[in-house]
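See structure below.
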Amino acid sequence: MELALVILLAVLLVVVLYKYLSLKATLETRAREQYEAWRARELTAIQQHYEELTRQQVAVQVQQWRQESEDRIRKDAVEKSRAVIVGKVTEHLVPFFPEFGHNPKDARFIGTPVDFVVFDGLDAGELKKITFVEVKTGTASLSPRERQIRRVIQQQLVEWEELRLPAPGSPKAEQESA
């Protein structure tokens, strides 16, 4: 009986040892899984926290940039507007400047696409030539349209056209309206 008891105890010990090792392995696996899940949650939370901090920091920097740039942009816009207004006023007054070189009475302001057409000598009763004048101030340059006009004039591609319309109440005008 003693041998049977020893065998039974040995078998029981083997079963308990097997259960212990099995539970230990399961416990280690579950502990590892829980650790990995916790670690993933923490990393995600930390990442989200840093992303939010980064978003806030970027928003603050954008707001600072906007405020600094807005002041600069407004000042630049005011300066450009001032330059445009000075240019437009100067365009109207330029015939009275000594640099103009033409009789102001011969000049006709158009504004666009050129500033003036000067009929040299027209006021004196003897037209000598017709000159197109574009006024620029400072370092302003010709626009693409102004350069095209200059090219066409320099190539002498200028024509005269006369358009005759019937006078209101004339027989021809009444026929066309009927």
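The values are calculated or read from the model by the stated rules, or taken from the named source; none is laboratory data. Keep in mind it's a predicted model, so treat the numbers as computed, not measured. Glycine also receives a Cβ, built like all others from the backbone with ideal geometry; neighbour counts cover every protein chain displayed.
Could you grab me the full set of residues in segment 120-146 that are part of a loop (DSSP other than H, G, I, E, B), more than 18 Å from residue 90 (Cβ to Cβ) and out of contact with any Leu (no Cβ under 6 Å at 6 or more places or on another chain)? Even if it seems obvious, please write down each step before you answer.
Within segment 120-146, the first condition is being part of a loop (DSSP other than H, G, I, E, B), and the residues that meet it are 121-128, 134-143.
So of that shortlist, the ones also more than 18 Å from residue 90 (Cβ to Cβ) come out as 121-128.
Listed by number, the residues that qualify are 122, 123, 124, 125, 126, 127, 128.
Taking residue 117 as the residue in question, decide whether it is in contact with a Phe, Trp or Tyr (Cβ under 7 Å, 6 or more places away or on another chain), assigned to a strand (DSSP E or B) and surrounded by 14 or more Cβ atoms within 10 Å (Cβ to Cβ). It is true that residue 117 is in contact with a Phe, Trp or Tyr (Cβ under 7 Å, 6 or more places away or on another chain), assigned to a strand (DSSP E or B) and surrounded by 14 or more Cβ atoms within 10 Å (Cβ to Cβ).
Scanning for something touching a strand residue (DSSP E or B) at 6+ places or on another chain (Cβ under 6 Å), within 30 Å of residue 143 (Cβ to Cβ) and modelled with pLDDT of 90 or more, does segment 82-96 turn up at least one residue?
Keep residues of segment 82-96 that are touching a strand residue (DSSP E or B) at 6+ places or on another chain (Cβ under 6 Å), which gives 95.
Subsequent filtering for residues that are within 30 Å of residue 143 (Cβ to Cβ) retains 95.
Imposing the further condition that a residue be modelled with pLDDT of 90 or more reduces the set to 95.
For segment 82-96, residues touching a strand residue (DSSP E or B) at 6+ places or on another chain (Cβ under 6 Å), within 30 Å of residue 143 (Cβ to Cβ) and modelled with pLDDT of 90 or more: present.
In summary, residue 45 fulfils each of the numbered conditions (1) assigned to a helix (DSSP H, G or I); (2) modelled with pLDDT of 90 or more; (3) under 31 Å from the mean Cα position of the chain (by Cα) with the single exception of condition (3). Taken together, the residues in segment 82-99 that are under 19 Å from residue 119 (Cβ atoms), of a type outside the set (A, V, I, L, M) and touching a residue at least 12 places away in the same chain (Cβ under 8 Å) amount to 3.
For segment 48-68, state whether one or more residues are of a type in the set (Ser, Thr, Tyr) and more than 30 Å from the chain's Cα centre (by Cα). Walk me through it before giving the result.
Filtering segment 48-68 down to residues of a type in the set (Ser, Thr, Tyr) leaves 50, 54.
Filter again for more than 30 Å from the chain's Cα centre (by Cα), leaving 50.
Checking segment 48-68: at least one residue is of a type in the set (Ser, Thr, Tyr) and more than 30 Å from the chain's Cα centre (by Cα).
Tell me, which residue of segment 103-114 that is out of contact with any Pro (no Cβ under 7 Å at 6 or more places or on another chain) and surrounded by 15 or more Cβ atoms within 10 Å (Cβ to Cβ) is nearest to residue 152 (Cα to Cα)? So, considering only residues that are out of contact with any Pro (no Cβ under 7 Å at 6 or more places or on another chain) and surrounded by 15 or more Cβ atoms within 10 Å (Cβ to Cβ), the one nearest to residue 152 (Cα to Cα) is 114. Scanning segment 86-119 for residues being closer than 22 Å to residue 145 by Cα and among the charged types (D, E, K, R) gives a total of 4.
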